[in-house]
1. Here is a list: Leu57, Leu80. Which entry is surrounded by 11 or more Cβ atoms within 10 Å (Cβ to Cβ), at pLDDT 85 or above, in a helix (DSSP H, G or I) and hydrophobic (A, V, I, L, M, F, W, C)?
2. Working only within the range 23-50, note down all residues that are in contact with a strand residue (DSSP E or B) (Cβ under 6 Å, 6 or more places away or on another chain) and either among the small types (Gly, Ala, Ser) or at pLDDT 70 or above (or both).
3. How about the range 85-119: which of its residues are under 16 Å from Val75 (Cβ atoms) and either exposed (fewer than 10 other Cβ atoms within 10 Å of the Cβ) or in contact with a Pro (Cβ under 8 Å, 6 or more places away or on another chain) (or both)?
4. State yes or no: is Ile74 modelled with pLDDT of 70 or more, among the β-branched types (Val, Ile, Thr) and closer than 30 Å to Lys112 by Cβ?
Amino acid sequence: MTESTLKIISLVLSWPVAAVVIVLFLRKPIMKVVERFIGGQSGKAKIGPIEVELGQLADDGKKAIQQLNDINHIVARSRLIELEITMMTLSHAFSTKHQKDLEKVTLELKEKLNELDEK
């Protein structure tokens, strides 16, 4: 590589490295500021003409995640029913290995769903 190529590479890499170092060095103060904005209902951020209520945004995000978790739980229960029906009606058509795999997966899914129900 030529000297000019090395200078260009070092210049290009210097800014991302500097940014990472600064973020790592200031991560605790940055996290405190973010938590303060997110934690309070009045936390607002304004960048130019855009104003965002961070507390409300965080609450909406939590609600959306909970709704997705609920849907996944319903889909998992539905899948468990399908697996149990398959085991009862079609397991004779599977090889011994596939029967054991199906039983294992069905049991694992049942255990995970029971864990979620207990929470």
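The values are calculated or read from the model by the stated rules, or taken from the named source; none is laboratory data. If you're wondering where the values come from, they're calculated on a predicted model, not measured in any experiment. Note that we place each Cβ from the backbone using ideal geometry, even for glycine, and neighbour counts take in every protein chain shown.
1. Of Leu57, Leu80, the one residue that is surrounded by 11 or more Cβ atoms within 10 Å (Cβ to Cβ), at pLDDT 85 or above, in a helix (DSSP H, G or I) and hydrophobic (A, V, I, L, M, F, W, C) is Leu80.
2. Ala45
3. The one that is under 16 Å from Val75 (Cβ atoms) and either exposed (fewer than 10 other Cβ atoms within 10 Å of the Cβ) or in contact with a Pro (Cβ under 8 Å, 6 or more places away or on another chain) (or both): Asp117.
4. Details: modelled with pLDDT of 70 or more: yes; among the β-branched types (Val, Ile, Thr): yes; closer than 30 Å to Lys112 by Cβ: yes.
When the stated conditions are applied, Ile74 passes them.
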